[in-house]
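Below is one structure, written out as structure tokens; comments come after it.
The values are calculated or read from the model by the stated rules, or taken from the named source; none is laboratory data. Note that the structure is a prediction, hence the values are computed from the model and not measured. Heads up, the Cβs are rebuilt from the backbone with ideal geometry, glycines too, and the neighbour counts pull from every protein chain shown. In case anyone asks, the SASA skips ligands and DNA or RNA and just uses the protein heavy atoms, side chains included. Shrake-Rupley method; radii C 1.70, N 1.55, O 1.52, S 1.80 Å.
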Amino acid sequence: LLTLFLGLFQGALLLFFTLFVTYDEPSAQAEDTDLVANQVYSTFPFFQDIQVLLVVGLGLLLTFLPHYGFSALTHNFILLNFSMQWVLVLQGLLHHFHHGQIHLDLHKLLISEFAAVTVLISMGAILGRASPCQLLVMATCEIPAYLASEWVIVTCLGVLDVGGTITIHVFSCYFGLGVSKALFRAMQQPPHPKETPTPRSDLVSLVGTLILWVFWPSFVAVLCQPGDAQHRAILNTLLAMSASAITTVVASSLLERDGKLSPGHLQNGSLAGGVAIGVVADMAMPPAAALALGSLSAAVCALGFRFLTPLLGRKLTLHDQCGIHNLHGLPGILGAAASVVAVLVAPKDTSGSRPSQLSPAGGNASEAVEGQWRGRGAGGQALCQAAGLAVAVGASLLAG
């Protein structure tokens with residue numbers, strides 16, 4: 001079934017690309033050629049970082065199950081490529097279909113990877129308990145749901161979320177939990193003996209965490225406008241993730257009975273700051289705020305593993321294999337709340353309007369959002385941030 005599914009999909013896509021997809025025409029003028037070259041050279045290093053983050057870092061992070069390491073790496077790699085191509089088709093038909101052709105460029109490929117991330121995160125909830133064909137069916141259904149949710153959140157509500165905290169992390173988390181509930185709601189799944197990590201599998205998974213930690217600032221900053229916004233996003237992300245790494249060690253030692261560090265806490269809590277900071281990474285805020293947000297998100301993640309996951313398993317029979325609710329859901333909600341506060345407390349300039357540092361810095365937040373925010377005021381923008389979180393949670397749970 002897997003071979004048939006993938007073979008038919010790739011054959012259909014080959015026909016579709018042959019008929020409708022082409023590359024952007026080269027610029028005739030030297031100035032335009034230099035501009036395109038500069039855009040490619042400035043974007044491609046970030047693109048490579050994200051490739052390493054998704055293929056190597058995230059793939060290794062999923063290998064904590066000792067008897068499922070090869071499958072986890074393989075499924076992660078297959079789903080990434082499958083979802084990227086599926087996004088290119090849907091995005092091309094919806095937004096880039098002009099005169100019978102879809103023009104492909106590096107930016108569209110980058111956006112397709114961002115959409116594919118949602119599938120890879122959602123897979124974590126049912127890792128090891130779903131077949132490859134079930135995962136492909138989930139990816140086929142999740143991508144259209146994600147695109148619709150992102151359109152509502154970013155285009156209709158004008159939510160500021162350059163790092164994908166709300167549109168990617170929160171949506172994918174609750175979509176995955178919805179899928180898990182739909183598959184396993186009949187009864188509580190008892191722990192399988194093969195689900196217990198070993199020191200070797202935990203070590204490989206921790207290597208994946210380190211790779212994700214190193215390359216995460218590129219994921220957050222790639223869609224920012226080059227210059228101050230991108231510089232600020234990189235700095236804020238590094239500060240938040242550094243604080244989350246330190247706080248994870250403290251929280252894990254306090255929560256564990258013998259004071260030892262939990263590998264699960266280290267593998268996830270160290271990344272929680274990167275999840276939470278994405279929505280406010282390009283906003284004008286003091287460095288202490290980034291440190292505080294990183295520390296708080298790591299503490300919430302560790303507490304979630306210690307108390308909330310067992311509680312949800314007992315009360316709601318909710319199965320969350322990788323703890324995506326603790327790494328992506330709870331820090332994502334925390335980041336969304338931080339964005340509301342950041343918008344409300346942003347200092348005003350002499351003209352009485354909010355400073356441009358809090359304007360969307362490119363990426364999935366269009367430039368038109370800046371004008372919408374200035375029209376509605378800080379209070380209205382804060383309400384939109386909260387509404388975007390509600391849409392992400394509700395739509396993802398229902399669709400999942």
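Mean-square fluctuation check for the chain, GNM, Cα pairs under 10 Å: which of LEU53, LEU183, LEU35 is largest?
Judging by the Gaussian network model, the answer is LEU35.
Springs between alpha-carbon pairs under 10 angstrom, Gaussian network model over the chain: which of HIS328, HIS96, HIS169 fluctuates most?
Comparing HIS328, HIS96, HIS169 in the GNM, the peak value goes to HIS96.
Just how large is the dipole of segment 26-161 about the Cα centre, in debye to the nearest 20, putting +1 at every Lys and Arg Cβ and -1 at every Asp and Glu Cβ?
Numbers: 2 positive and 9 negative charges, 120 e Å.
It works out to roughly 580 debye.
Using amide H atoms built 1.01 Å from N in the peptide plane, name the residues 5+ places from LEU104, or on other chains, whose amide H lies under 5 Å from its own.
So LEU104 has HN proximity to THR22, TYR23, ASP24.
In a GNM of the chain with a 10 Å cut-off on Cα contacts, which of ALA338, ALA284, ALA182 has the highest mean-square fluctuation?
Largest GNM mean-square fluctuation: ALA182.
Magnitude of the Cβ-charge dipole of the chain, K/R +1 and D/E -1, about the Cα centre, nearest 20 debye? Mind showing how you got there, number by number?
Details: 16 positive and 21 negative charges, 324 e Å.
So the dipole magnitude of the chain works out to roughly 1560 debye.
Sequence gap of 8 or more, or different chains, plus Cα separation below 25 Å: how many lysine pairs satisfy both in the chain?
On the way: LYS181/LYS194; LYS181/LYS315; LYS194/LYS260; LYS194/LYS315.
Close lysine pairs found across the chain: 4.
What are the principal axis extents of the Cα atoms in segment 282-328, in Å, biggest first?
Taking max minus min along each principal axis of the Cα atoms, segment 282-328 gives 42, 18, 15 Å.
Can you tell me, using C-alpha contacts under 8 Å and at least 6 residues apart, the relative contact order of the chain as a whole percent? Please report the intermediate quantities before stating the final value.
Values: 668 pairs, mean separation 88.8, N = 400.
Across the chain, relative contact order equals 22 percent.
What is segment 199-339 by shape, rounded, prolate or oblate, if you read a ≥ b ≥ c off the alpha carbon gyration tensor as root eigenvalues and call it rounded for a/c under 1.5, prolate for a/b larger than b/c, and oblate otherwise? List each step's numbers first, then the result.
Working: a/c = 1.93, a/b = 1.66, b/c = 1.16.
Prolate, since a/c reaches 1.5 and a/b exceeds b/c.
By what distance, in whole Å, do the Cα atoms of the chain stretch along each of the three principal axes, largest value first?
That works out to 63, 57, 34 Å along the principal axes.
Can you give the accessible area per residue of the chain, in Å², using a 1.4 Å probe?
Details: 17790 Å² over 400 residues.
For the chain, the solvent-accessible area averages 44 Å² per residue.
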